[in-house]
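Structure record follows, encoded as structure tokens.
The values are calculated or read from the model by the stated rules, or taken from the named source; none is laboratory data. All values reported here derive from a predicted model rather than from experimental measurement. Glycine gets a Cβ as well: all are built from the backbone with ideal geometry, and neighbour counts include every protein chain shown. The protein model used for the area step is the full one, side chains on, heavy atoms only, and it has no ligands, DNA or RNA in it. Shrake-Rupley method; radii C 1.70, N 1.55, O 1.52, S 1.80 Å.
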Amino acid sequence: MREITYAEAIREALSEEMRSDDSIVFIGEDIGIYGGAFGVSKGMLAEFGPERVRDTPISETAIVGCGVGAAMAGLRPVVEIMFSDFLAVAMDQVVNQAAKARFQFGGQFTVPLVIRAPSGSGTGAAEQHSQSLEAWFVHTPGIKVVTPSTPADAKGLLKTAIRDANPVLFLEQKLLYRVKGEVPEGDYSIPFGQAAVRREGKDVAVVSYGRMVGRCLEAAALVAAEGIETEVIDLRTLAPLDRDSIVRAAKKCGRVLVVHEACQTGGVGGEIVATIVDSEAFFYLDAPVRRCCGQDTPIPYNRNLEDSVVPQTAGIAEALRGLCGRKS
Amino acid sequence: MTITREKLGELYLKMAQTRRFEETAARLFTEGKVHGTAHFCIGEEATGVGVCSALAKEDLIAQTHRGHNQAIGKGMSLDLMMAEFLGKEAGYCHGRGGCMHIADSSSGSLGANGIVGGGIPIAVGAAFALRYRKVDAVTVCFFGDGATNEGAFHEALNLASVWKLPILFVCVNNYYAMSTHIGSHMNIEDISIRAKAYGIRGEAMDGNDVAAIYEATLEAKEYVKREGPMLLVLNTYRIMGHSKSDPQNYRSKEEVEGWKKRDPILLFRKQLAEAHGFSPAELDALDEAASADVARAVEFAEASPEPRVEDALRDVYAV
């Protein structure tokens, strides 16, 4: 199969959908001639024109709000927020407007809005351009939250997001934009709420999502050489959350490590752990469920400091060994 | 421009309905029949009624939390509004939103917003959608003087201007952002000059003259379709408190009494009698009709069932 990058896969999904559905418009800062801050929309202005690929002022509240209103009035807008950190500028429109419009008006409106936003650290972009804020939105009923970990998933999940009748926050993983992977040509979609088993194993399960999935796979390969067989679960979407896959993996392996880049306290990892201990999987556990997550700190600028506060492959491997009672 | 006699009667009736609706709602509060809150526009009826009566069904409105006049002006049902106020399943939002979130997609209401200024960017998006879909209609966005200090107002007006959208921004200036007088919350006297910052037309006018507001809106509709956004400021006064818990310790009785003399319904009644030949009997009949409509709405709402607890999670997501 041909290989394309994560960024190209996103562009392909959006472009294919725009070709087949005139009601899709694409709105954001510097998405036109500039091609988007990460080059995702390169060439799209030329293909779709300025009426459908709409550059905006630097006005995140207006961008998201415009998306909400356009969605309520019959379009299927895709808005780009240049960095997910900037969602904080537009929080009212995301949390009080997009997420509530259907419920509070008694189901009179649908809000088929996609908010695309690059997420995560690792680029030396420092405190205000490196956060992983997914937990805020998982904690906001009315919004769906998607965290694709591969180019193929990015394409298939974005198609599902665009076709969904609800607001969807599509958190793109900054460090994956240039990563290549096999991506099917043409139309396909991946349903929300279905985790993927990225590696089969029986000794310990790792539950993760987004860019950390790749590091979990690297760690699993490291400990495989030492005789530990790791199952790697990629959640793919956090809302809806595939609780069945989490419980199944916990029952199968009896040991579970939860990995995410976002800071640990109040993070999605806590909900994953609770999902296990609230279920019959609790009785299958051979060890406490562990978390290997970002530290409770803003993301620092210096490379060494930055690396030190988010999970790295070696640290994940060490946590796997610890769970299995091995010493490195 | 001459307003037809029929339209004049409609404007009066809608204002009377709004007044009666809110007086009745206030009574229901004191009778302990209401769980929740409402924000009354008594004294401001001419704004929403005048503007919305000039709109077509396909024109959209984004309402404020103080928008019973906007809803009634746009032709929403008193029965379904009262049922929503009482939190009943038959209400516009099936008891999920209450008066602060009243909406009616079938009459072109994008809903009332509980966040000051929150509806302004949404209205801009709706205006864009109408133009994109080549619908010959305008979007009208209501907000108060307080909302013009929110960032959302400034971002939205700028974006609408840059995109030259067919949208009329209507600022209902009642001189108070909850308890804070406009003199303490902005350093200008005429809010309409804020339009200049975004390169759009801004006008201010008497917000208690319903016929003039109706005519101004007809003209503004054509303007925004042709030229892009406009800010229309309607200067009026909120005779009641902000909400049911308002101690009203921030303004004088004299000030309130002074504005009561400029009650938009009394002013219009006088205007209809003196300039348009409406007899006292005709006007009384309209008042009685309004009272009867609201009484029926209360009957309808009280007889409506409560939402089922089993349905509490309905519509969190569209399926």
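When residue B:59 is tested against (1) touching a strand residue (DSSP E or B) at 6+ places or on another chain (Cβ under 7 Å); (2) within 14 Å of chain A (Cβ to nearest Cβ); (3) buried (at least 24 other Cβ atoms within 10 Å of the Cβ); (4) touching a residue at least 60 places away in the same chain (Cβ under 8 Å), just one condition goes unmet, and that condition is (3).
List the strands (runs of 3 or more DSSP E) inside region A:175-237, counting only whole elements, that have at least 1 residues being surrounded by 24 or more Cβ atoms within 10 Å (Cβ to Cβ). Lay out the reasoning, then the answer.
On the way: elements: A:180-182, A:196-199, A:204-208, A:230-234.
It comes to A:204-208, A:230-234.
In the set B:262, B:314, B:296, only one residue is open to solvent by 40 Å² or more (accessible area, probe 1.4 Å) and within 14 Å of chain A (Cβ to nearest Cβ); that residue is B:314.
Taking (1) within 14 Å of chain A (Cβ to nearest Cβ); (2) assigned to a helix (DSSP H, G or I) in turn, residue B:22 satisfies each apart from (1). Per the conditions (1) open to solvent by less than 10 Å² (accessible area, probe 1.4 Å); (2) touching a residue at least 40 places away in the same chain (Cβ under 8 Å); (3) in contact with a helix residue (DSSP H, G or I) (Cβ under 6 Å, 6 or more places away or on another chain), the sole criterion not satisfied by residue B:200 is (1). Here residue B:137 meets each of (1) surrounded by 24 or more Cβ atoms within 10 Å (Cβ to Cβ); (2) among the hydrophobic types (A, V, I, L, M, F, W, C); (3) touching a helix residue (DSSP H, G or I) at 6+ places or on another chain (Cβ under 6 Å) with one exception, condition (1).
Annotation note: of A:110, A:56, A:140, the sole residue that is surrounded by fewer than 24 Cβ atoms within 10 Å (Cβ to Cβ) and within 20 Å of residue B:156 (Cα to Cα) is A:56.
If you check A:277, A:268, A:289 for being open to solvent by less than 20 Å² (accessible area, probe 1.4 Å) and either out of contact with any Cys (no Cβ under 7 Å at 6 or more places or on another chain) or closer than 26 Å to residue A:146 by Cα (or both), only one passes: A:268. Counting only strands (runs of 3 or more DSSP E) that sit wholly inside region A:56-160, those with at least 1 residues that are within 8 Å of chain B (Cβ to nearest Cβ) and touching a residue at least 24 places away in the same chain (Cβ under 8 Å) are A:76-80, A:144-146. Taking the criterion of being within 20 Å of residue A:130 (Cα to Cα) and loosely packed, with under 14 Cβ neighbours inside 10 Å, the residues of region A:302-320 that qualify are A:302, A:303, A:304, A:305, A:308.
Test of understanding: among B:252, B:243, B:279, B:291, which residue is open to solvent by less than 60 Å² (accessible area, probe 1.4 Å) and over 21 Å from residue B:43 (Cβ atoms)?
Values: B:252 fails: over 21 Å from residue B:43 (Cβ atoms); B:243 fails: over 21 Å from residue B:43 (Cβ atoms); B:291 fails: over 21 Å from residue B:43 (Cβ atoms).
When all the criteria are applied, what remains is B:279.
Has region B:62-70 got at least one residue that is surrounded by fewer than 24 Cβ atoms within 10 Å (Cβ to Cβ), under 23 Å from residue B:137 (Cβ atoms), within 12 Å of chain A (Cβ to nearest Cβ) and touching a residue at least 12 places away in the same chain (Cβ under 8 Å)? Within region B:62-70, not a single residue is surrounded by fewer than 24 Cβ atoms within 10 Å (Cβ to Cβ), under 23 Å from residue B:137 (Cβ atoms), within 12 Å of chain A (Cβ to nearest Cβ) and touching a residue at least 12 places away in the same chain (Cβ under 8 Å).
Does residue B:168 qualify as being farther than 14 Å from residue B:47 by Cβ and either crowded, with 23+ Cβ neighbours inside 10 Å or among the polar types (S, T, N, Q) (or both)? For residue B:168, the condition - farther than 14 Å from residue B:47 by Cβ and either crowded, with 23+ Cβ neighbours inside 10 Å or among the polar types (S, T, N, Q) (or both) - is not met. The condition of being farther than 17 Å from residue A:238 by Cβ, open to solvent by 10 Å² or more (accessible area, probe 1.4 Å), touching a residue at least 60 places away in the same chain (Cβ under 8 Å) and within 14 Å of another protein chain (Cβ to nearest Cβ) holds for residue A:163.
Among the residues making up region B:106-121, a single one is open to solvent by 10 Å² or more (accessible area, probe 1.4 Å), aliphatic (A, V, I, L, M) and either assigned to a helix (DSSP H, G or I) or more than 7 Å from chain A (Cβ to nearest Cβ) (or both): B:116.
Take the conditions in contact with an Asp or Glu (Cβ under 8 Å, 6 or more places away or on another chain), open to solvent by 10 Å² or more (accessible area, probe 1.4 Å) and under 29 Å from residue A:72 (Cβ atoms) and apply them to residue A:116. Does it pass?
Details: in contact with an Asp or Glu (Cβ under 8 Å, 6 or more places away or on another chain): yes; open to solvent by 10 Å² or more (accessible area, probe 1.4 Å): no; under 29 Å from residue A:72 (Cβ atoms): yes.
It is false that residue A:116 is in contact with an Asp or Glu (Cβ under 8 Å, 6 or more places away or on another chain), open to solvent by 10 Å² or more (accessible area, probe 1.4 Å) and under 29 Å from residue A:72 (Cβ atoms).
Filter region A:12-48 down to the residues that are of a type in the set (D, E, K, R) and closer than 13 Å to residue A:79 by Cα and list them by number. Explain how you work it out, then say what you get.
Of all residues in region A:12-48, those of a type in the set (D, E, K, R) come to A:12, A:16-17, A:19, A:21-22, A:29-30, A:42, A:47.
Hits for region A:12-48 are A:29, A:30.
Restricted to region B:171-197, and to residues there that are among the hydrophobic types (A, V, I, L, M, F, W, C) and farther than 16 Å from residue B:238 by Cβ, the residue that is surrounded by the fewest Cβ atoms within 10 Å (Cβ to Cβ) is B:188.
I'd like to know if region B:103-125 contains one or more residues that are farther than 19 Å from residue B:72 by Cβ, free of Cβ contacts under 8 Å to residues at least 24 places away in the same chain and β-branched (Val, Ile, Thr). Within region B:103-125 (the criterion being farther than 19 Å from residue B:72 by Cβ, free of Cβ contacts under 8 Å to residues at least 24 places away in the same chain and β-branched (Val, Ile, Thr)), the answer is yes, since at least one residue qualifies.
Checking each residue in region A:49-68 for being of a type in the set (A, V, I, L, M, F, W, C) and more than 18 Å from residue A:84 (Cα to Cα) picks out only A:53.
Going by the structure shown, is residue B:131 within 11 Å of chain A (Cβ to nearest Cβ) and either open to solvent by 10 Å² or more (accessible area, probe 1.4 Å) or part of a helix (DSSP H, G or I) (or both)? In short, yes. Across region B:79-105, the number of residues qualifying as open to solvent by 20 Å² or more (accessible area, probe 1.4 Å) and not in a loop (DSSP other than H, G, I, E, B) comes to 5.
Taking residue B:261 as the residue in question, decide whether it is out of contact with any strand residue (DSSP E or B) (no Cβ under 8 Å at 6 or more places or on another chain) and farther than 29 Å from residue B:141 by Cα. Criteria not met by residue B:261.
Would you check which residues across region A:205-234 are hydrophobic (A, V, I, L, M, F, W, C) and either closer than 13 Å to residue A:256 by Cβ or modelled with pLDDT under 95 (or both) and list them? Scanning region A:205-234 gives A:205, A:206, A:207, A:216, A:232, A:233.
Would you mind stating whether residue B:142 is of a type outside the set (A, V, I, L, M) and either more than 23 Å from residue A:27 (Cβ to Cβ) or more than 8 Å from chain A (Cβ to nearest Cβ) (or both)? Give the steps one after another, and end with the answer.
On the way: of a type outside the set (A, V, I, L, M): yes; either more than 23 Å from residue A:27 (Cβ to Cβ) or more than 8 Å from chain A (Cβ to nearest Cβ) (or both): yes.
Against the criterion (of a type outside the set (A, V, I, L, M) and either more than 23 Å from residue A:27 (Cβ to Cβ) or more than 8 Å from chain A (Cβ to nearest Cβ) (or both)), residue B:142 qualifies.
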